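Here the structure is laid out as structure tokens; the discussion comes afterwards.
The values are calculated or read from the model by the stated rules, or taken from the named source; none is laboratory data. Everything numeric here is computed off the predicted structure, so don't read it as measured data. Cβ: placed from backbone, ideal geometry, glycine included. Neighbour counts: every protein chain shown. SASA here: full protein model, heavy atoms, side chains in, ligands and nucleic acids out. Shrake-Rupley method; radii C 1.70, N 1.55, O 1.52, S 1.80 Å.
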Amino acid sequence: MEVEEDELFKHLFKISLFPVQSTVLADDNTNIKSSVYTGNTGELEWLRNKSYTSESAQRLAELQTEIKGLTSTLNQPKDNDANDVDGKGIISSSEENVDDIHEIKRAKKEKKHKKKHKKHKHHDRDVEVEEHLHEKEKSIRPELHISNKVFIEEIPELKPEHAWRIDRKPDINNITYGSIYKMHIPRYKLASYQILGATGNDRFLHFKNKHLQDFKENAGRYYDSKNRTILKSKEVEICLSESGISGSEKNYYPLSCVKDHSSDLNSKTMTLPRDNVRNKILDSTTLRFIQEKGAEDLKIVKEESDKRTNLQYPADKTAYYNKQLRETPHNISLWLEFVKFQDKKVEDLPQEVDVPKINIGAVFEKKVSILEKAVEANPGCIELKMALIELQSEKWESSEVNKELEKILFVHPANIGLWKFYLTFNQTRLSTSGVSRVTKLFHKCLKTLISIQEGRLQTHSIPDNIDENILDIFVQYCYYLKHAGHKEKAVASFQALIEMNMFCPSNLKSFSREDKILLFESFWDSNVARIGEANAKGWQYWIRTKDHVEQHLVPKVSVDNDEAEEKIISRKLPRWQTWLEIEVMRESNHWLPWQPDLTKNETEEDCEDIDRLVLFDDIKLNLFLIPTNLHFKLIVYFLQMLGVNFRSRLLGFQLPNSSLSAITVETVTDVCCQGIYAMENSLESKSEVQQNLITNLLQQCMSCFTGTEQTSLTLISLEHICSKFSMTNKPSKSDVKELRKHAKELLKEKHNRNNLPVWCAYVMLERIIGKVDEAKSILETALSMFSSDMKSDTPDINKMSSLWSLYRMYAEVLLEIQPFPPTALWNRQSAPKPYAVSSCLQVLFGAALGEKFNVTDRREVSNTSILRTRQNLKKLLEKGEVKLKTSDSQNTEAQRKFFIEVCNCYAIFEFCCSGIQSALIVYNGAFSSLFKLSNCELTSDNMVLSIHEDLLEYEIRLVLYQMSTHSEPLHILRNLLSSALDRFPNNPIFTSLFINVEQNSRIAGRLHRYFDRVTRDPTTPTPVVLAICSELSRLQMIQSSVAEMESTETGIMYRIRSVLERSLKSQALQHCPLMWKIYIQNEIRFGNEERARSVYYRALQQCPWVKSLCLEGVKLFGASQLQEIVDYMTEKEIRVQIPLEELDLLMSSEKE
């Protein structure tokens, strides 16, 4: 009996652990392999289940029956007095009746017990079964319980099939934590819950452990993220077709293939009599339309459909990005576009109550996650690393950001974009901003790039355009010094760089940079006049005449501020206002660095303000060699920093392409042309020192250039002369006289006598000041002299472009077309006379045929002549297009101008022949040619864009002229402006004209829609400034017509605030000083001083180095914050012209 029970328990534990075991336990002498199924071997042998045999299944069923009987026997109650269990565990039949009687009595007694005693009933039985199994285990494996051994090797008598143990020792951690540690519970993935070979109820596995029963994944609640995605997904409409169902099965109401949403809405309210004939012949939509409910329902359906589309679009777009990035993980632009889409998704989210809001922090984490994956997929991409660091800089400390940037710069020291980001970050962070610290970083950058430029850093290759990039970083450094109040150091840096590169002695040009710097130090310390100062002759002249000291003893021209300061103090203004006026006055006069006057035997120790003294050590690290082709750009940058306006474009000068960011923009004149929209206190007048510095610089640098660059400097000089006078309104007679005097002096110079571009500029100047007859006579003289070159076999492209420009201006004078930029609608004027039109046709006919200009020739132009002229002008345009494709770097500007002038003359000719529509066709053909040129590899995109922009400007001028002389619909101009602004949104001329047109119509809808679009993510301050100016001019126009406009003022104030807030969120403008100054001024203008203060503190966070913002704070706070602002300027090393202690001494001496 003991043997049978042992065998039974062997199979019990074996089967409970491995129910599909292929073999059964047997004696040691039994061959286990004999019980395995062995079938025929073949190709399909692997498909047979060798673990299953009929004998094993039969034996398994018998074991299940025995286990069941044994378990039922052990569960019966034990009573030593009444029950007697035999060795087999079966109750004898002779005692069954006695047991039944005791069982009945026991059941009656148990009814009187409490419920808590009943709970222990089943627990006691489980304990008894467990104890019985434990006793059987000891009988089967006695050697395992002899001693407390741990390892199998310590028990030599232990059989392999007995090498297992049941651990009954409780774990105290289960009581502490309430459950077993999840990693201590083994889990098995079962392919089936059935026992192979079992029958009946025993063929299923039953688990008592609750954790092992949860094999099915929980579907979740309706508010889970997975189910919310399903709810937000696009609805799938199931359309049933009637064709697939037989007639016998058609016991339902059929559905049409197109679901009618309008019939589902408000169906309970739709009641019609059954006998109404309309129910039978009209559909539900028509019925609701008759009830005057259809339009309202369709509107509701459309709103719900649009809402579902707006909610579904972000999910679809995200899925698109994920798919594309999985397929093309190296697409850098797509990664960055995906990051920008996260912000767009938040902006485009419907602002409704039932739409879930998106957390900004979650959006930030998502963008970081996207960029981290992008960097992981593209570990060598610097652009992605910069984007990630730029994003993380919002959360990280400045030291952490600098540490990461320095790591990348150590690996990629030749990356210009990375250096610019590194410098801009430290310049714009309040915690790291300081003039001395930022200056060291600029010097470190220049030193590294110069070593790469010279080839001394041989571990890295020299990148393209490194000379131009070093120049851009140098200019950014000079702008930084200027904005921080250190104008003397900025001007001195430009002076030293120009002297060493452009006025270098001829015998030193082959020297290295270090040798030139050593020799240049003696020139700088000699205190002679430098470039831009009066009587300056350059380093080269000083080298030749340095032995003759008396030639350099020229008295210094200094500005005496004592009288002006005494006048300010004598007015007895408040302390803060007195300090502000003296500070502004000194800063406007202190442009040049202080130098001792050699005629008065002064030395450096005589300098009263040590900050005005610029030593050679201050500019030594800024000196580097510049190639000759960048000398003109260096001069233009210097003039631009000094305040020369290049935006008027009245004289035909084309500014070189600049890569300077908005961080250098501080005044409105830097982004808008004069006379368009000038904001209050934005057009700063130049001081006398500044005007003289610009004039001397232009005169002294003129001899360093030849050809086109020399002509361009002459045009800049003429433009600078014009800026001294008021050109917006009609100038006075004295201004006209002085202006013509300066212009004629320029024309008398030797290199300008036969310079046609300079003569064209002079003619334009005469037309601007109202001297039309003088301009006409000058044009006739110039054309009579130079028109014979039109038929030259080898024409000069510069002279040809200037001749066509003269012909165009002569036609404009005949037709009385205004010379001003098209910034507003022109006043009404009379139509051109037939004599003027025929003269214009005759002049253009002679120009197209290459004939010499003759004023007395008044031949009538026939139809044949018109056809010939048209054909010749087309050929000239094609010739200009070919030249643009094969243009060289030296004649690019001349070829660009030639194509523009020929196209304008062709348009004027068609305008005189057939009207404005023919002229527009000419421009459309030119734009098509430019589109082909943009796809050509030999042409520059910037050149094509500049040509397109100039042609659009002149096309608009012709349309304005037509509207001023004839009645034309406004939509022609609006369509033209719309296409121009789509292509060039930063053009101030197009934007100003658009503002003027819309304001005259008294409808601001188009203006608001346009500025909302272009100010969402602007790249330059131009559209933002013009948007604010348009709102202010609109407010002024409304206030002039209506007395009380408080509500309108509030609306415009909120709109201006919205435009500024939206633009300041962009990366390009958040550090622009001009934007913050405009914001503060507008809040003060509308009387919101508290809000202006908060904006001021935000401005200091974004632009901590700008002195003009500190001065705005003094205007805003007055005496209450004067000391704190001056302390802040001292801490950040911003230049303070007059300390408060000096001001107190001056005011106290005045009282005495």
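With 25 Å as the limit, the listed pairs LYS633/LYS733; LYS482/LYS620; LYS385/LYS1107 have LYS633/LYS733; LYS385/LYS1107 beyond it between alpha carbons.
With each label modelled as a point 7 angstrom along the Cα→C-beta vector, the LEU867-SER1149 pair spans 8.8 nm. Rounded to the nearest 0.05, the FRET efficiency derived from the C-beta distance between LYS741 and SER333 at R0 = 60 Å is 0.60.
Average projection, convex hull of the Cα set of segment 978-1048: 4.9 square nanometres. Rolling a 1.4 Å probe over the protein heavy atoms leaves SER967 with an accessible area of roughly 110 Å². Peptides 862-868, 1023-1029 ranked from most to least packed, by the mean per-residue count of other Cβ atoms within 10 Å: 1023-1029, 862-868. When Rg and the Kirkwood Rh are both derived from Cα coordinates, the Rg/Rh ratio for segment 1004-1112 amounts to 0.98.
Every Cα-Cα pair in segment 416-474 was counted, and those over 17 Å apart are 39% of them.
Structural descriptor for segment 880-987: relative contact order 23 percent, calculated from alpha carbon pairs under 8 angstrom and at least 6 residues apart. Contact order for segment 713-828, expressed relative to its length and based on alpha carbon pairs under 8 Å spaced 6+ residues apart, stands at 23 percent.
Here the extension length gained between PHE616 and GLU968 equals 120.2 nm, from 0.36 nm per residue of separation less the Cα-Cα distance.
Largest to smallest in accessible area, the residues ARG544, ARG1016 fall in the order ARG544, ARG1016 (1.4 Å probe, all protein chains included). Two decimals is fine: what is log10 I(q)/I(0) at q = 0.16, 0.17, 0.21 Å⁻¹ for segment 695-815, from a Debye sum with one equal scatterer on every Cα and no solvent? Log10 of I(q)/I(0), two decimals: -0.81, -0.91, -1.28. Restricted to Cα atoms, segment 734-785 shows a radius of gyration and a Dmax of 10.7, 32 angstrom. In segment 409-526, one over the average inverse separation of all distinct C-alpha pairs is 15.7 Å, which is the Kirkwood hydrodynamic radius. Spacing of the modelled spin labels on LYS771 and LYS340, each 7 Å from Cα toward Cβ, amounts to 5.1 nm.
The convex hull built on the alpha-carbon positions of segment 880-1026 has an orientation-averaged projected area of 9.8 nm². Provide the FRET efficiency to the nearest 0.05 for the LEU1140-ARG1091 pair, computing r from the beta carbons and using R0 = 25 Å. Approximately 0.35, to the nearest 0.05.
I want to verify the translational diffusion coefficient of segment 491-619 in µm²/s; compute it with Stokes-Einstein, Rh as the Kirkwood radius over Cα pairs, at 25 °C and 0.890 mPa s.
It comes out at roughly 146 µm²/s.
With the Cα gyration tensor of segment 455-520 giving a ≥ b ≥ c as the square roots of its eigenvalues, does the rule (a/c under 1.5 for rounded; else a/b larger than b/c for prolate; else oblate) give rounded, prolate or oblate? Cα axes put segment 455-520 in the oblate bin.
For GLU397 and PHE931, compute 0.36 nm times the residue count separating them, minus their Cα-Cα distance, and round to one decimal in nm.
187.5 nm
For segment 328-445, the convex hull spanned by the alpha carbon atoms encloses 122 Å³ per residue. Projecting the Cα positions of SER512, ILE498, LEU430 onto the charge dipole of segment 423-544 (unit charges on Cβ atoms of Lys, Arg, Asp and Glu, taken about the Cα centre) puts LEU430 furthest along the positive direction. The order of the peptides 832-841, 736-745, 599-608, 1104-1113 by mean Cβ neighbours within 10 Å, most packed first, is 1104-1113, 832-841, 736-745, 599-608. So between ARG1098 and GLU365, what do we pick up on full extension, going 0.36 nm a residue minus the alpha carbon distance? Residue separation times 0.36 nm, minus the Cα-Cα distance, leaves 261.4 nm. Here r is the Cβ-Cβ distance between SER510 and CYS381 and R0 is 60 Å; the resulting FRET efficiency, rounded to 0.05, is 0.90.
Per-atom-type breakdown for segment 449-538 gives carbon and sulfur 45% of the accessible area (1.4 Å probe, protein chains only).
If you take the square roots of the eigenvalues of the alpha-carbon gyration tensor of segment 773-854 and sort them as a ≥ b ≥ c, do you get rounded (a/c under 1.5), prolate (a/b over b/c) or oblate?
Prolate.
Of the Cα atoms belonging to segment 796-906, the radius of gyration and Dmax stand at 15.4, 45 Å.
Under the simplified labelling scheme, the LYS748-ASN827 pair shows an inter-label distance of 3.5 nm, with each label point 7 Å from Cα along Cα→Cβ. Percent of Cα pairs in segment 1055-1126 per distance bin of 5 Å, from zero to the largest separation: 3, 16, 31, 26, 15, 6, 2.
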